[in-house]
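So the structure is just underneath, and the comments pick up after that.
The values are calculated or read from the model by the stated rules, or taken from the named source; none is laboratory data. These figures come from a predicted structure and were not determined experimentally. Note that we place each Cβ from the backbone using ideal geometry, even for glycine, and neighbour counts take in every protein chain shown. The accessibility values were calculated without ligands, DNA or RNA, using every heavy atom of the protein model including side chains. Shrake-Rupley method; radii C 1.70, N 1.55, O 1.52, S 1.80 Å.
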Amino acid sequence: MDKYNLKVAGLERELEMFPVNDKFDIAAFIMFGDVEMTEKAAEELLKVCPEHDVVVTAEAKGIPLCYEMARQGCRNYVVARKGVKVYMRNPLKVSVNSITTAYDQNLYIGEGDAEFLKGKRVLIVDDVISTGQSVEAIEKLILQTGAEIVGKAAVLAEGDAIGREDITYLAELPLFFK
């Protein structure tokens, strides 16, 4: 089994490789359960991200980072959900297709979160940005609320995201072409 050695935020991790299709593989960066990485990555991103009032991410892999950045910084965060919950009145909706998901998904923000975001400076965060589709979907959702997007950040930039000047990230994660 192939592995990739990643160095980010002063830490090292050995990532397992997985095929996306017959053309390339990815090294899977999973923050779930890695408290040390979550804390350090949040700390390092906060040093380089613009001032903001609230941090927003999409369900689910970005949630630990989003929470930790809010805990260490602005103290506010919102999660765009993948499904409508009974407590979400009049939800706003956008569709997204991510490199790590085999099908189109919808993202939702309920009326309460939309009202909370109105007029706020928002920092969009995720663990990894690759094609940018998830971030663009969150942008569309947030803009419907009347909030101002002040930045987009991730621990890692992968594939098409590497070199993008509109994204703040800590390290690059290559794609592995066959």
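For the chain, give the percent of accessible area contributed by carbon and sulfur heavy atoms, probe 1.4 Å, rounded to a whole number. If you can, show how the numbers build up before the last one.
On the way: 4240 of 9090 Å².
Here it works out to 47 percent.
7 Å from Cα along Cα→Cβ at both N90 and F24: what's the point-to-point distance in nm?
4.2 nm
For the chain, what is the percent of antiparallel DSSP beta bridges, rounded to the nearest 5? Each step should come with its number before you reach the end.
Numbers: 17 of 37 bridges.
Expressed as a percentage, antiparallel bridges in the chain total about 45.
What do you get for chymotrypsin sites (Phe, Trp or Tyr not before Pro) in region 61-144 restricted to DSSP loop and a cutoff of at most 14 other Cβ within 10 Å of the site's Cβ? Working shown, then result.
Numbers: sites: Y67, Y77, Y87, Y103, Y108, F116; in loops: Y87, Y103.
Passing both the DSSP loop test and the Cβ count: Y87, Y103.
Cα-based Rg (one decimal) and Dmax (whole number) for the chain, in Å?
In order Rg, Dmax, the Cα atoms of the chain give 15.9, 48 Å.
Eigenvalues of the Cα gyration tensor times 5, then square-rooted: what semi-axes does that give for region 107-176, in whole angstrom, largest first? Intermediate values should be presented prior to the final figure.
On the way: eigenvalues 129, 26, 15 Å².
Each semi-axis is the square root of five times an eigenvalue, giving 25, 11, 9 Å.
For region 19-91, what is the convex hull volume of its Cα atoms per residue in Å³? Before the final figure, lay out the partial values.
Working: hull volume 11.3 nm³, N = 73.
So the per-residue Cα hull volume is 155 Å³.
Among the listed pairs K7/K61; K118/K140; K82/K178, which are separated by more than 22 Å between their Cα atoms?
K82/K178
Can you find, among L107, V84, I138, the residue sitting farthest towards the positive end of the charge dipole of region 27-178, where Lys and Arg contribute +1 and Asp and Glu -1 at Cβ?
Of the options given, the answer is V84.
Could you report region 63-135's accessible area per residue, 1.4 Å probe, as an integer in Å²? Intermediate results must be reported in sequence, preceding the final value.
On the way: 3710 Å² over 73 residues.
Each residue of region 63-135 exposes 51 Å² on average to a 1.4 Å probe.
Residue by residue through region 105-114, which ³J(HN,Hα) values in whole Hz follow from phi under the Karplus form 6.51 cos²θ - 1.76 cosθ + 1.60 (θ = phi - 60°), with glycine and proline marked x?
Result, ordered by residue: 10, 10, 10, 9, 10, x, 4, x, 5, 4 Hz.
Using the Cβ atoms and a cut-off under 9 Å, what net charge is assigned to the surroundings of R13, where Lys and Arg are +1 and Asp and Glu are -1?
Taking every Cβ under 9 Å from that of R13, the sum is -2.
Which of the aspartates and glutamates could a cross-linker span from K40 if the Cα-Cα distance has to be under 20 Å and same-chain partners fewer than 8 positions apart are dropped?
Within reach: E12, E14, E51, E68, D126, D127, E158, E172.
Please give the helix 133-143 orientation as an angle from the longest Cα principal axis of the chain, in degrees from 0 to 90, rounded to the nearest 10.
That helix lies at roughly 10 degrees to the long axis.
Hey, what angle do you get for helix 35-48 against the long axis of the chain, alpha-carbon based, 0 to 90 degrees rounded to 10?
For 35-48 against the chain, the angle is about 70 degrees.
Write out the chymotrypsin sites (Phe, Trp or Tyr not before Pro) in region 1-58 meeting two conditions: DSSP loop, and at most 14 other Cβ atoms within 10 Å of their Cβ. Intermediate values should be presented prior to the final figure.
Working: sites: Y4, F24, F29, F32; in loops: F29, F32.
Of the chymotrypsin sites (Phe, Trp or Tyr not before Pro), the ones in loops of region 1-58 whose Cβ has at most 14 other Cβ atoms within 10 Å are F32.
What's the longest uninterrupted piece of the chain once you rule out the GluC sites (Glu not before Pro) that are loop residues per DSSP with at most 13 other Cβ within 10 Å? Walk me through the numbers on the way to the answer.
Working: sites that count: E51, E165.
Here the longest run is 52-164.
Run lengths n ≥ 4 of DSSP H only: what is the helix-derived mean residue ellipticity at 222 nm for the chain, with -39500 (n - 2.57) per run over all residues, to the nearest 500? Don't skip to the answer; put the middle values down first.
Numbers: 4 runs with 42 residues, N = 178.
Helix-only estimate at 222 nm: -7000 deg cm²/dmol.
What do you get for the angle between helix 63-72 and the principal long axis of the chain? Use alpha-carbon atoms, 0 to 90 degrees, nearest ten.
For 63-72 against the chain, the angle is about 70 degrees.
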